[in-house]
Amino acid sequence: MAYVVRFRSLACVLVCALSLIGCSHAPLRPVPAVVLVADQTNAVAYWHDIGAATVTAAASAAGTEAEQHPAFPADMATLHLAMYDAAMAIAPRYRPFLYRPDAPSPHASLDAATAAAAYQVLLALFPSRVSVYQNAYLQFVAAIPEGPAKVSGLSLGAAAAAAHLQRRTRDGRATQLPVYAPGGTPGQFRGRDPILRDWISIKPFVLRSLAQFRPAPAPALTSSEYAADFNEVKALGGTASLLRTAEQLETARFHAELPPVQVTRNLGRFARTTADPVAAARLMAALYTNYADAMAACMEAKYHYDTWRPQSAIPLAAEDGNAATLADPDWKPVLATPNHPEYPAGHACSSGTIGELLQQYYGTDQVAFDWDSKVTGTIRHYANTSALADESTVARIYGGMHFRYATVAGVTLGRQVARWTMQHAFQPQP
């Protein structure tokens, strides 16, 4: 509705300018606050959890090459896009993403279509992990009444999955990258065999390119901004910090769980906030498609700039040319630092894009939700769409992994991707 009112306002201004007469319109009605409670059930939520368990299962030596090196955001996006398009083939309330049958099948079973779409994607992507999802599929489908609706639903789901799997075969993740050579000059990342580098080759789902929202370069090593952020993480993020509080360390630990596990588990909460499977299909497809593009774009920027982490910058500060930074050869981050370049911050890209997607989806920043961590065994409640990003970004400073400027750039990138996603996909039918 916000877009409609905005366009009407523009039209009103043009009419006023042309006719030289007064013009007014009713003020925008505020969008009520949204409190998301994960207390509902639907087929999308069920298959999300089966998919998440499959994607995060331990790889085995018998697994395919793709299973050995999964890109969990893109895999979960493929899963949910197949379920979304299957739902749109039955109840076309929103524009399909890729699969477009000649005509909708309103009498087909939505549960059957959802199950078939999810199962076919999982079977194609994770054939050696069939024990995670095979029995779940058989039991789920057996509970659906026999008849034409079930048959039609299973067929639609399989067709939607096939369309998205075909796209996935040419998504670029098989691109062979040159061997990574760690840098040796001040400011360059020093890690060896860094992770998630293959994500930079993945074709985006909605973005025009992964570099579309690439942030400007990080502050120069000789700048006052770099010095301020250097000294902040040095004071708060080290193992021997005397300034970091117990609460700040707890915040850092809360956000230190591995993203494939923490993110998929918590995004699954959103699928359970509605009993409407069509609404759940749309929300989850939007969340994961957006998340996949944001994280791939984040990695593209990281490897483009290839900047050093605090764990290298602080011991080697004598090389940075900045009189306001002092080296501490014994400094170490209080929590483990991920083995990929620093700028922009990955957790900031993640939390920024999730929060902004929720704001764009619901039309308000007053969206309250819960998020949990198995590291601390606690649940936190966030009252608006910025709260998760605000907290998770400072958590990376408290943990010693990031400079503040990297978290700011990450949140900005994530929000830009989310706005683009909701402007170009998952919109209501005209």
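The values are calculated or read from the model by the stated rules, or taken from the named source; none is laboratory data. Treat the numbers as computed from the prediction; the structure is a model and nothing was measured. Cβ sites come from the backbone with ideal geometry, for glycine too, and all protein chains shown count toward neighbours.
Beta carbons closer than 8 Å, at least 6 apart along the sequence or on distinct chains, pair a first residue in region 141-155 that is closer than 21 Å to PRO104 by Cβ and in contact (Cβ under 8 Å) with a residue 24 or more places away in the chain with a second that is assigned to a helix (DSSP H, G or I) and of a type in the set (Asp, Glu) for ILE144/ASP111; GLY153/ASP111. The set of residues in region 56-97 that are of a type in the set (A, V, I, L, M, F, W, C), closer than 19 Å to GLY157 by Cβ and touching a Ser or Thr at 6+ places or on another chain (Cβ under 8 Å) comprises MET76, ALA77, LEU81, MET83, ALA86, ALA87, ALA89, ILE90, PHE97.
So which residues in region 338-386 are in a loop (DSSP other than H, G, I, E, B), surrounded by fewer than 24 Cβ atoms within 10 Å (Cβ to Cβ) and of a type outside the set (D, E, K, R), if there are any at all? Residues satisfying the conditions are PRO338, ASN339, HIS340, GLY363, THR364, GLN366, VAL375, THR376, GLY377, ALA383, ASN384, SER386.
Does ARG129 qualify as being among the basic types (Lys, Arg) and within 23 Å of PRO430 (Cα to Cα)? Taking the combined requirement at face value, the residue does not satisfy it. Just one residue in the set ALA77, ALA82, ALA87 is crowded, with 20+ Cβ neighbours inside 10 Å, more than 21 Å from TYR362 (Cα to Cα) and modelled with pLDDT of 95 or more; that residue is ALA82. Inside region 37-55, residues that are assigned to a loop (DSSP other than H, G, I, E, B) and surrounded by fewer than 18 Cβ atoms within 10 Å (Cβ to Cβ) make up a count of 5. Would you confirm whether any residue within region 91-108 is in a helix (DSSP H, G or I) and more than 20 Å from the chain's Cα centre (by Cα)? No - not one qualifying residue is present in region 91-108. Being among the small types (Gly, Ala, Ser) and within 20 Å of ILE379 (Cα to Cα) holds for only one residue in ALA271, ALA220, and it is ALA271.
Within region 106-135, the set of residues being polar (S, T, N, Q) and crowded, with 21+ Cβ neighbours inside 10 Å comprises SER109, THR114, GLN120.
Residue-wise test of (1) modelled with pLDDT of 95 or more; (2) of a type in the set (S, T, N, Q); (3) more than 16 Å from the chain's Cα centre (by Cα); (4) not assigned by TED's automatic domain parsing to the domain that holds ALA389.
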| position | (1), (2), (3), (4) |
| --- | --- |
| MET299 | yes, no, no, no |
| TYR305 | yes, no, yes, no |
| ARG309 | yes, no, yes, no |
| PRO315 | yes, no, yes, no |
| PRO329 | yes, no, yes, no |
| ALA336 | yes, no, yes, no |
| GLY346 | yes, no, no, no |
| THR364 | yes, yes, yes, no |
| SER373 | yes, yes, yes, no |
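Residue-level analysis places PRO70 outside the set of residues that are assigned to a loop (DSSP other than H, G, I, E, B) and under 18 Å from MET284 (Cα atoms). Would you confirm, using the coordinates I've provided, whether TYR382 is in contact (Cβ under 8 Å) with a residue 12 or more places away in the chain, farther than 21 Å from VAL35 by Cβ and of a type outside the set (A, V, I, L, M, F, W, C)? So TYR382 does not fit the description; no.
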